[in-house]
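K.L.:
Let me give you the structure first, and then I'll get to my questions.
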Amino acid sequence: MIRFSTAGESHGEALTALVSGLPAGVPVDLDFVNRELWRRQQGYGRGGRMKIETDKAHVLSGVRHGQTIGAPIAIEIVNRDWKNWEEKLPVGAGDPAKHQAVASPRPGHADLAGALKYNFPDARYVLERASARETTSRVAAGAFAKLMLRTLGIEVLSHAIRVGRVELERSAAWDEIVAVNAKDEVMLGCVDPATEARMKEEVEEAARTGDTVGGVFEVVVHGVPAGLGTYVNWDERMDGLLAMAVMSLQAVKAVEIGRGVVAAETFGSRVHDPIQYAAEPNGQPTRFTRPQNNAGGIEGGVSNGEDIVVRGYLKPISTLRRPLESVRFDTRASTSASYERSDICVVPAAGVAAEAMVALTIAGLAQQKFGGDSALEMQRNFAGYIEQIRRY
């Protein structure tokens, strides 16, 4: 099984990720891994923290001579801001007078629930681990999952389809999604320039008023064959696994597979994708096809050969420059919520983090189906299965 875990705090010395289960022989491109980390830091509406950090992956184990070796992969990403927090968050007892408390919980954040759960006198330690800074580790781990999927011809990318009240009112072609993610300057990650300009105005309005704004990102998995996932057990269905993976991201409050929300509002005759049988482009063998992809590439918990499409609905960031009403932890007196340096909009960055979670999920399902202790063995099994489908 492909497994991963993360450790580290928002203002701690470093973030770490541990990935196990990847086969040996997967080519590792560290420039690609670091670009994934760079992509997570981009986007119009990011806060001052991203001006401090320059996230780079330091691989401690599991990769030698440019390839995975089948052993667990340990990755470290140093927090450059640690120098400003070393005395405030020491490992030892340190000086209590230098502790920087989060004195009043922020509505919408984990502050109050976490402080109650762990019996903390304030929310500093809650913030440190609950922060979306943790997704840095996930993106690093997901980059390795993407590298494994590449050996099978599978790619994972995202784009923004809504920021606040502004929505992309058409579908995006795979080539458009590739192009917007290849840019060296990231605005909001929308494939349509006119829509992106209006999204930018939405972010600027939130900035002027001391507010924050949410939105919707779409993750697309391209090149997945039919047959990953299963319907035989409830906890092995691909759509359920993807929903859990994306919902686990900070600030994601809803997950949609394909056009699930629209499907709930209309008739089956307009929702379900007709099945056809036709030749693939460029004279490739015939295969089952669909003129549309409302199912988002998954039927009955199993991939159906179309692109897998997952949407995450992101609430606005909880930390506001114009704080909402709250209560002090110590006196219970009414006050404004604490303020920590924050973002205004993180839709593009959340999409990158969701790519990582989707890639890890798909890689795990691919590893379960095709097996192989080496990348070569996995590719051989994959090729045999693809030939089986083509001969069906």
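K.L.:
For the chain, what does the equivalent ellipsoid look like in terms of its semi-axes, each the square root of 5 times an eigenvalue of the Cα gyration tensor, given largest first in whole Å?
P.N.:
Equivalent ellipsoid semi-axes, largest first: 38, 26, 18 Å.
K.L.:
Now for a separate question. Find which of ILE389, PHE32, CYS345 sits farthest along the positive direction of the dipole of the chain, computed with +1 on the beta-carbon of Lys and Arg, -1 on that of Asp and Glu, about the Cα centre.
P.N.:
Checking the options against the dipole of the chain, the answer is CYS345.
K.L.:
A further question on this structure: Ranking request for peptides 156-163, 30-37, 106-113, 379-386: highest mean number of other beta-carbon atoms within 10 Å first, then the rest in descending order.
P.N.:
The most tightly packed comes first, giving 156-163, 106-113, 30-37, 379-386.
K.L.:
Compute the Cα gyration tensor for the stretch 310-382, then decide on rounded, prolate or oblate, letting a ≥ b ≥ c be the square roots of its eigenvalues: rounded whenever a/c is under 1.5, prolate when a/b is larger than b/c in the other cases, and oblate in all that remain.
P.N.:
Cα axes put the stretch 310-382 in the prolate bin.
K.L.:
If you don't mind, another one. Report the charge-dipole magnitude of the chain in Debye, nearest 20, computed about the Cα centre from +1 at each Lys and Arg Cβ and -1 at each Asp and Glu Cβ.
P.N.:
Dipole magnitude for the chain comes out near 380 debye.
K.L.:
Still on this structure: Report the residue, chosen from GLY45, GLY351, GLY240, that carries the largest GNM mean-square fluctuation when the chain is represented by alpha-carbon nodes joined by springs under 10 Å.
P.N.:
Maximum among the listed residues: GLY240.
K.L.:
How much FRET efficiency would the formula 1/(1 + (r/R0)^6) give for PHE32 and VAL91, where r is the Cβ-Cβ distance and R0 is 41 Å, rounded to 0.05?
P.N.:
About 0.80, to the nearest 0.05.
K.L.:
Using the beta-carbon distance between GLU265 and ARG150 and R0 = 56 Å, what value does 1/(1 + (r/R0)^6) give for FRET efficiency, to the nearest 0.05? Don't skip to the answer; put the middle values down first.
P.N.:
Details: r = 37 Å, r/R0 = 0.67.
Rounded to the nearest 0.05, the efficiency is 0.90.
K.L.:
Over the stretch 1-159, what per residue volume does the convex hull of the Cα atoms give, in whole Å³?
P.N.:
148
K.L.:
Run the quick spin-label model on ARG341 and LYS369: label points 7 Å from Cα toward the beta carbon, then report their separation in nm to one decimal.
P.N.:
Each label point is offset 7 Å from its Cα along the Cβ direction, giving 4.4 nm.
K.L.:
Binning at 5 angstrom from zero up to the longest distance, how are the C-alpha pair distances of the stretch 352-392 distributed in percent?
P.N.:
The percentages, shortest bin first, are 6, 23, 20, 20, 17, 11, 3, 0.
K.L.:
When the Cα atoms of the stretch 93-153 are enclosed in a convex hull and the volume is divided per residue, what value in Å³ results?
P.N.:
Considering the Cα atoms of the stretch 93-153, their hull volume per residue is 128 Å³.
K.L.:
Mean residue ellipticity at 222 nm from the helices of the chain, using -39,500 (n - 2.57) per DSSP H segment of n ≥ 4 over the full residue count, to the nearest 500 deg cm²/dmol?
P.N.:
-10000 deg cm²/dmol
K.L.:
If you don't mind, there's one more thing I want to ask. Suppose R0 equals 22 Å; then what is the FRET efficiency for GLN292 and GLU236 from their Cβ-Cβ distance, rounded to the nearest 0.05?
P.N.:
After rounding, the FRET efficiency stands at 0.25.
K.L.:
Separate question: Measuring from label point to label point, each 7 Å out along Cα→Cβ, what is the HIS272 to ASN381 span in nm?
P.N.:
3.3
K.L.:
Then there is this: For the stretch 202-274, with only Lys/Arg (+1) and Asp/Glu (-1) charged at the beta-carbon, what is the dipole magnitude about the Cα centre, in debye rounded to 20?
P.N.:
Numbers: 5 positive and 11 negative charges, 37 e Å.
Its charge dipole is roughly 180 debye.
K.L.:
Ok, one more. Please find, in a Gaussian network model of the chain (springs between Cα atoms separated by less than 10 Å), the residue of ALA179, ALA140, ALA349 whose mean-square fluctuation is greatest.
P.N.:
Answer for the Gaussian network model of the chain: ALA179.
Any read-out appearing in this document is the output of simple, stated calculations on the displayed coordinates, not a laboratory observation. Owing to the predicted nature of the structure, the values given are computational and were not obtained by experimental measurement. Heads up, the Cβs are rebuilt from the backbone with ideal geometry, glycines too, and the neighbour counts pull from every protein chain shown.
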